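Below: the structure, in structure tokens.
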There are 2 protein chains.
Amino acid sequence: MTTPRWEPRRLSAVAVELPEGVTPPGTRGRILLSALRLFAEYGFHGTSIRDLAGAAGINSATLYAHYPAKEHVLAELVLLGHTELHRRLQQALVEAPPGPAAQLAALVRAQVGAHADFPLLALVANAELHALSPERAAPALALREQSRELGLRVLRLGVAQGVFHVADPLLAATAIGSMGMQVAHWFGPDQPYTRDQVADTYAGYALQLAGAADVPAKKTARAPGATPAKKG
Amino acid sequence: MTTPRWEPRRLSAVAVELPEGVTPPGTRGRILLSALRLFAEYGFHGTSIRDLAGAAGINSATLYAHYPAKEHVLAELVLLGHTELHRRLQQALVEAPPGPAAQLAALVRAQVGAHADFPLLALVANAELHALSPERAAPALALREQSRELGLRVLRLGVAQGVFHVADPLLAATAIGSMGMQVAHWFGPDQPYTRDQVADTYAGYALQLAGAADVPAKKTARAPGATPAKKG
DNA sequence: GTCTATAAATAGATAGAC
DNA sequence: GTCTATCTATTTATAGAC
């Protein structure tokens, strides 16, 4: 690709940004943000070194002063994305009130929040990870596995305590996780929801799906504000 | 790419096949099946004309006797995938017992079934659609919109009838649809579930998520067999 | 329909001046 | 760090023989 083949369609109005404090300063940061946008829109293989450099306002050769290869730019984004999600999930668990129901709600809110706050990063981290060599994909895959187990543990605990009622916690965790992952594909400022509305609503869905006994089912309304887990 | 960079990771044990009766005979069919596998594994831009031809056992120039360009091969796959899903959803609605609960269950079973039966096709149809020009993506996008509305209508009807209890049917439909879409990313013969087990379980999840009042919540067990919608 | 051969453009990456 | 210039391989696609 030299010049854009056609107008972007995958993600129009979404802000091109990375989590706080992780964007490198100067040119390297501009390269990373350009890659975030282009990889999300056209994919890793659909973006050339010259596209990347052009979007960052530099010559293509200059890119190699900051990254040894195109793959390393993707690797940094993929790792950033998985790290941020895992960090948020862990923090959510720490801050959540005790009990599987509140913890599941907190996890889902954190997952949905992460995917709504950084949809481009989530998209690249998930959809382009396959373009990395196994060695460079491994760290992200390890983080993904850890994140998955956080949810699975909460679900299993909830079933053991009689709070949740699912025959197969693994399948339930997969289904719940799937809801949140897809948020990156459609959420944006053009949607009639705030990120907290989606996060809260999805947390309610997760509890319903898990058959959480005494949890307010009608809390799935369009109430704004995060108000994390004020239910026991 | 000339020779495989590394072993396939995205989808290992999944059969490379298309829905019954749609695979073209002869060389054109071999091209299409090769594209199904390679596009799913490496993406459209990650697969070269020579990869495609080599996998089909022909010279790269021969490909142009069957398709005018690489993009047309992808376009055929993308349209095939969206057509098959829409066809199954429509048929599921026709065959389903009356009532929003049974209809929602039937839709989810059909969606999950389609993604479990043809994960490669679902993956290509969804993840590589962005590589098509707007004109060639349009037919698939139209089908996608129609499929989406099938689910949305059932949810809205169920809410209106007091069978479902969700504040925002659109968001609920999105969440439910997201569960099923992701099935293509993980389901395969290496999983400890049959396609019907996943389909039935996910149908139960959807009803739970939607707050379906009087629906057997414990039917989410690992009971094999499709047995479509024997509940009212 | 299938091939060999090749054109024309673009790819990722490097050399070396400033 | 950034540039111009360039190398080398690969890309999509075509020409023309069989």
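Side notes on the structure shown:
Conditions tested, residue by residue: (1) within 12 Å of another protein chain (Cβ to nearest Cβ); (2) within 16 Å of DNA strand D (Cβ to nearest atom); (3) of a type in the set (Val, Ile, Thr); (4) surrounded by 13 or more Cβ atoms within 10 Å (Cβ to Cβ).
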residue: A:Ala13; (1), (2), (3), (4): no, no, no, no
residue: A:Leu18; (1), (2), (3), (4): no, no, no, yes
residue: A:Ile31; (1), (2), (3), (4): no, yes, yes, yes
residue: A:Glu41; (1), (2), (3), (4): yes, no, no, yes
residue: A:Lys70; (1), (2), (3), (4): no, yes, no, yes
residue: A:Leu77; (1), (2), (3), (4): no, no, no, yes
residue: A:Arg88; (1), (2), (3), (4): no, no, no, yes
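- Selection within the stretch A:55-81 - of a type outside the set (Asp, Glu) and more than 10 Å from DNA strand C (Cβ to nearest atom): A:Ala55, A:Ala56, A:Gly57, A:Ile58, A:His66, A:Leu74, A:Ala75, A:Leu77, A:Val78, A:Leu79, A:Leu80, A:Gly81
- Yes/no for B:Phe118 being of a type in the set (Phe, Trp, Tyr), at pLDDT 95 or above and under 27 Å from B:Lys70 (Cβ atoms): yes
- Yes/no for B:Thr62 being more than 8 Å from DNA strand D (Cβ to nearest atom) and part of a helix (DSSP H, G or I): yes
- Any chance B:Ala105 is under 27 Å from B:Thr201 (Cβ atoms), open to solvent by less than 40 Å² (accessible area, probe 1.4 Å) and either polar (S, T, N, Q) or away from DNA strand C (no atom under 16 Å from the Cβ) (or both): yes
- The stretch A:178-199: number of residues that are open to solvent by 10 Å² or more (accessible area, probe 1.4 Å), assigned to a helix (DSSP H, G or I) and facing another protein chain (nearest Cβ under 8 Å): 3
- B:Ala110 more than 13 Å from chain A (Cβ to nearest Cβ) and out of contact with any Cys (no Cβ under 7 Å at 6 or more places or on another chain): yes
- Residue that is farthest from A:Arg10 (Cα to Cα), among those in the stretch A:127-138 that are more than 8 Å from chain B (Cβ to nearest Cβ) and loosely packed, with under 15 Cβ neighbours inside 10 Å: A:Glu135
Every residue, every condition in (1) modelled with pLDDT of 95 or more; (2) surrounded by fewer than 15 Cβ atoms within 10 Å (Cβ to Cβ); (3) hydrophobic (A, V, I, L, M, F, W, C), yes or no:
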| site | (1), (2), (3) |
| --- | --- |
| B:Ala125 | yes, no, yes |
| B:Glu149 | yes, yes, no |
| B:Gln161 | yes, yes, no |
| B:Asp168 | yes, no, no |
| B:Leu171 | yes, no, yes |
| B:Thr201 | yes, no, no |
| B:Ala213 | no, yes, yes |
| B:Pro216 | no, yes, no |
| B:Pro224 | no, yes, no |
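- Of all residues in the stretch A:41-50, at least one satisfies being over 25 Å from the mean Cα position of the chain (by Cα), modelled with pLDDT of 95 or more and within 23 Å of B:Ser48 (Cα to Cα).
- When the stretch B:1-41 is filtered for residues that are in a loop (DSSP other than H, G, I, E, B), closer than 21 Å to B:Ala75 by Cβ and polar (S, T, N, Q), only B:Thr23 remains.
The values are calculated or read from the model by the stated rules, or taken from the named source; none is laboratory data. Predicted model, so just to flag it, every value in this text is computed and none were measured. Neighbour counts are summed over all protein chains in view; Cβ atoms, including those assigned to glycine, are modelled from backbone coordinates with ideal geometry. For accessibility, only protein heavy atoms count, side chains too; no ligands or nucleic acids. Shrake-Rupley method; radii C 1.70, N 1.55, O 1.52, S 1.80 Å.
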